[in-house]
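Just below is one structure, and these are the notes that go with it.
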C-alpha cells in the first residue's frame, strides 16, 4: 500500500533483529541485506540521502559476510548506481559495473535470479552511456535486459519491470541513432509493462512517464497529433500518481513540461506554454541543489522560457534573460566530458544570438559563436544532432559577416553549411533548412564580392530547398520569396525577355501557401504586386495587395507586448498605403482605397480602441468565440516544427502528417470569423466601417487623408455627401521622403541661432511645397464643391478639417502649409481649423460626444497643472512658471478647481490625471526612436533625479473623466520611427488612447516663450467664449485662434508657431 510508517516500523524491527544476531551467525548476511533493502526502498520513497548511505553500508556488510554471493554483488552494484545518479561520482558508477560483472561471472545460467542480475547490469551500463555517450554501453545494456526478458517466463511479475526497463533504453537508443524502430519498441515494451502492472502498483508511475516519453518521441518523428495527446495524457497520469513529497516528482514535472511545450509548439495554445513554464519551475524547485539532474531541469526551463520569448515576446526581455540564466546554470553544472554539453552549448548560443537580434549588441553574437564552436567540439561526429550544430554555427558566423564583413566568417559559414548538409540523411526534412542556410550564405558572399558563381550557387541551393519542401509546408512561402528575389537579382545582371515570369510565379505561389504565416505571405504578395504593376497589370496588382492587407488581422499581434508588436508591424510598413494607391490606379472607388488604409494602419491603436469599445468587445460579449479566434490566430501565424522522414516514407505521407493540423487551423479560422460576423452587432468584425458610417464621421467637418507611394499620390476626401479621391501629381513620393527627413532634423543638433535661421528658411520652403502639392489643391477642391467657404469668415470660425497623413506624411504640418506673408490667405490656418487623427476609427473613439459629457460642460471643471521649471540633468524652462501663472489668471474667474502638482512623479501623475477633466503639462518632452518609449520628464520619488512618464504607460490607463490634455512639451506629437509612421505612436496619441477627447501638443522642439503665450491665449479664449455650443468645437476653435495669434505676431518665424497641433 506504500505506507511509509509501515516501512519505518519494519526498519526498526530489522535493526533490532540484527542487533541481537551474533557476528558469526550464518543468517547475519541475510539480515544485513534485508535491512539494506528496506533502507533503499525508503530512500526511493523519501529521498533522504542517509537512507541510501545506510543501505549501501548494510549491503557491503552482507557481501563481506558472503563474498561469493552473486545476488549481493548485483544488489550492491544497484545501490552504488543509485548513489551515482544522486551525487554524480564516477567512482560509484565504475564500482557498480564491476560488481555487476562479478555477479554475472559467478551466477549459474539456470539461477532463477540471473534475470535480475542482467537487468541491474543493463541499468548500470545505460547510466554510463548517459554520462559518457559511448553507444556500445547502451547496446550492451539492451542485450542484458533482452536476455533477462528471454529468461523470464510469461506471466511472471518481474516481466513488467523488464519491459519497462527495455522501453526506457530503446528511447535512449532512438534519441542517439534516430532509428524509428527503437521508438516503436520503446512504446511496445512500455505498453506491455503497463498492462502487466496492477492498477494500484506504484511502478505504474514510472511506466506512464516512459510512455509519455515514447509517444512524444514518436510524435517528433512522425508528426501524428494522436501521439502528442497520448504523451501529455501519460505524463499527466504519471504526475497524478506521484506523491507530493516523492523525490522523483521533479523528474515527472520536468517531463510533463516538455510534453506541454511540444503541444504548444504544435497547437499554439498559450495555456500549454504557461503550464509548461510552471511545471518546469516546479521541477527545478523539487530537485536538490547537489543533484546532477538539476542541470537537466535548468536546461528544460531555459528552453521553455526561450520558446515563450521567441513566440510571445517580452517587453523587458525578461524571459530571454531568464532563459540565458537557466541555460548557463545548466551548462555550468554539466561535466566537461558529458555528452549533453554539446546541446547545452547550442541552446545557450541560440539565446545569445536572439538577444543580439533583438538589441543589436555584437558581443552577444560573439558569445553565441563561441558556444556554437564549443558545441561542435563536444559533439560526436556521428551524432544525429551534429548537422544542426553545424548549421547553427554557420548561421551565427554569417550574421557576424553581415556586421563586420570579414570574409573568413562567410567562408567558415559556407563550409559548416556543407558539413551540415553532408551530416543530414537524404529525404530528411532538415535538409530543407540546410539548403536554405547554404543559399543564404552564398548570397551574402555574392553581395560582397559580386561573383556571379556565388549567386548561381545560392539559387541552386534555394531551388533544392524548394524541391525538398512539401507543397503545403509552412516554410514554403519563405523559400519561394527568397528564391524569387535571387532570380530578380540575377536578372538585374543578366536580363532575359521572360525572366520575371518565373519570379512572379514564385511570389504568387508563396502568397497562396495558405498554411504559411501571414507575415511571410504578405512579403511575397508585395513583391508580386510590384512585378504586376511594372507589367501594367494594375487590377491584378491591386487584387493581391488587397488580399495581403486582408491577412493583417490574422497576424499574431494581440498576445505580444508593445515592442514585439512594433517589431512585426515595422516589417509590414507601407503595405496599406501601397494597396490603397494601387486600388485607385486600378480604377477602383475612393471608399475601396480608404477601407484598405483603415484596415492596415493604426493597428496598435486599433487594438486599444477595440478592447475598450462597448460595441466590439467580443471578449466580454462572447468569450467562447473570442478564445477560439485568438487561439487559432496564434496557431496559423506560428512556424511549424520540423519532423523527420522515415526510411521508407514518401513525401506525400510526410506532408500529410506535417501539415494536416495547419490546414485544419486555417479552415477553422475562416469558419470562426464567419460565425463571429453572424453574431448580433459583429457583422463588421475586423472589417473597416461601411461607407455611410465613414461619411457620418465627417459630420463636423471634412476628413482628408494624404497618401503618397511609389505608385502615385492622392488625397481621399470624406464629407457627409461623398467619399472621393483627388490625384496629386505634384506630390512626388521621393520628394516627400526628402522633405520629411529634413523636417525631422529641423532645430536639432549644434549650430545655434545660425542653424535655426537656416532651418527656418527651409521650413518656409517646405510649407510652400506642402501647399502647392497637397493642401492647396484639396482646399480648392473643397471650396469648389461647397464643403468649405473661401477665406476667413468675419465674425465666425473657419470650417473644421481633420488631417490624416499616411506613411512618411504622418508628421507633415498640414495645418501650417502655405504662404504666410502679410495679407496672404493661401495657407491652411487662414482657411480651416485643423485637427489631426491617426485613423478615422480613432476619431470615433476620443471625441465621441455621446460617450462623455461635452468638454468642460460640467459646472466645476477640474484642472491639474504639472509644471517642471527645473529638471535634474536638463536645461531649465524659465517660461514654465510664467505659463502656470497665465493659466491661473485665465481660470481664476471660472467655477472649478485648479490643482498644481508639486514634485510630480510618473506614478503620482498617472493616479491624479484619472480624476481631472483637464491636465496641463509644462515640462521637457522627448520623442524616442522607439515611439512607445517617448516620454515626459518628471521627477524620481526622492526628487533628486529625472524620471520618465512613458507613452506606453499613459496609453494603458483609462481616464474616465478625461477631456483635455495640454502637452506643453517639445516633440510631444512626434513619432521618430519612420518604419512605424503608420502606427502614429507618440505622447499625444497615448493621451488620446487614455480617453482624452482632445490633446494639444507639439510636432518638434518649441520656443519657451511661445509655448507660454499660446497656452495663455488658449485658456483665455476657452473659458471666455460665450454660449453653450458644441464643447468640442470650443476647444478646437480656441486653440486655432491662439496659434493664429502667435503666427500673426511673427508669421515668418515658422519654427516658433508651426509646431502647435490639436489631435482628437
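Of all residues in segment 434-453, none that is in contact (Cβ under 8 Å) with a residue 60 or more places away in the chain has its Cβ atom under 9 Å from the Cβ atom of a residue that is crowded, with 20+ Cβ neighbours inside 10 Å and outside any helix (DSSP H, G or I), 6 or more apart or on another chain. The residue list 380, 430 contains one member that is under 26 Å from residue 133 (Cα atoms) and under 26 Å from the mean Cα position of the chain (by Cα), which is 430. For residue 242, the criteria (1) in a loop (DSSP other than H, G, I, E, B); (2) buried (at least 24 other Cβ atoms within 10 Å of the Cβ) hold in every case but one, which is (2).
Could you list, in sequence order, the residues of segment 228-239 that are more than 15 Å from residue 272 (Cα to Cα) and either touching a strand residue (DSSP E or B) at 6+ places or on another chain (Cβ under 7 Å) or surrounded by 21 or more Cβ atoms within 10 Å (Cβ to Cβ) (or both)? If the condition is that a residue be more than 15 Å from residue 272 (Cα to Cα) and either touching a strand residue (DSSP E or B) at 6+ places or on another chain (Cβ under 7 Å) or surrounded by 21 or more Cβ atoms within 10 Å (Cβ to Cβ) (or both), then 234, 238 are the ones that fit. Of the helices (runs of 4 or more DSSP H) entirely within segment 521-623, those holding at least 3 residues that are at pLDDT 90 or above and over 30 Å from residue 487 (Cβ atoms) occupy 590-600. The test for being buried (at least 22 other Cβ atoms within 10 Å of the Cβ) and either outside any helix (DSSP H, G or I) or without any contact (Cβ under 8 Å) to a residue 24 or more places away in the chain (or both) holds for residue 287. Being in contact with a helix residue (DSSP H, G or I) (Cβ under 8 Å, 6 or more places away or on another chain) and in a helix (DSSP H, G or I): is that true of residue 206 here? Yes: the conditions hold for residue 206. State whether the residues of segment 998-1012 include one that is without any contact (Cβ under 8 Å) to a residue 40 or more places away in the chain and in the same structural domain as residue 949 (by TED's automatic domain parsing). Taking every residue of segment 998-1012 in turn, none turns out to be without any contact (Cβ under 8 Å) to a residue 40 or more places away in the chain and in the same structural domain as residue 949 (by TED's automatic domain parsing). A Cβ distance below 6 Å, combined with a sequence gap of six or more or placement on separate chains, defines the contacts here; from segment 367-396, residues that are within 19 Å of residue 328 (Cα to Cα) reach residues that are assigned to a helix (DSSP H, G or I) and modelled with pLDDT under 90 in the pairs 379/386. Can you spot a residue in segment 968-982 that is in contact with a helix residue (DSSP H, G or I) (Cβ under 6 Å, 6 or more places away or on another chain) and modelled with pLDDT of 90 or more? Scanning segment 968-982, I find at least one residue that is in contact with a helix residue (DSSP H, G or I) (Cβ under 6 Å, 6 or more places away or on another chain) and modelled with pLDDT of 90 or more, so the answer is yes.
Exactly one residue out of 737, 704, 723 is touching a helix residue (DSSP H, G or I) at 6+ places or on another chain (Cβ under 7 Å), in contact (Cβ under 8 Å) with a residue 12 or more places away in the chain and within 19 Å of residue 832 (Cα to Cα), and it is 704. Looking at 126, 148, 96, 105, which is the one that is over 29 Å from residue 289 (Cβ atoms), at pLDDT 90 or above and surrounded by 17 or more Cβ atoms within 10 Å (Cβ to Cβ)? Selected residue: 148, the only one of 126, 148, 96, 105 that is over 29 Å from residue 289 (Cβ atoms), at pLDDT 90 or above and surrounded by 17 or more Cβ atoms within 10 Å (Cβ to Cβ).
On inspection, residue 743 passes the criterion of being within 36 Å of the chain's Cα centre (by Cα), under 19 Å from residue 820 (Cα atoms) and in contact (Cβ under 8 Å) with a residue 60 or more places away in the chain. Only one entry in 497, 516 is outside any helix (DSSP H, G or I), under 27 Å from residue 456 (Cα atoms) and under 31 Å from the mean Cα position of the chain (by Cα), namely 516.
The values are calculated or read from the model by the stated rules, or taken from the named source; none is laboratory data. These numbers come from a predicted model, not from an experiment. Cβ coordinates were reconstructed from backbone atoms using ideal geometry, including for glycine residues, and neighbour counts include every protein chain displayed.
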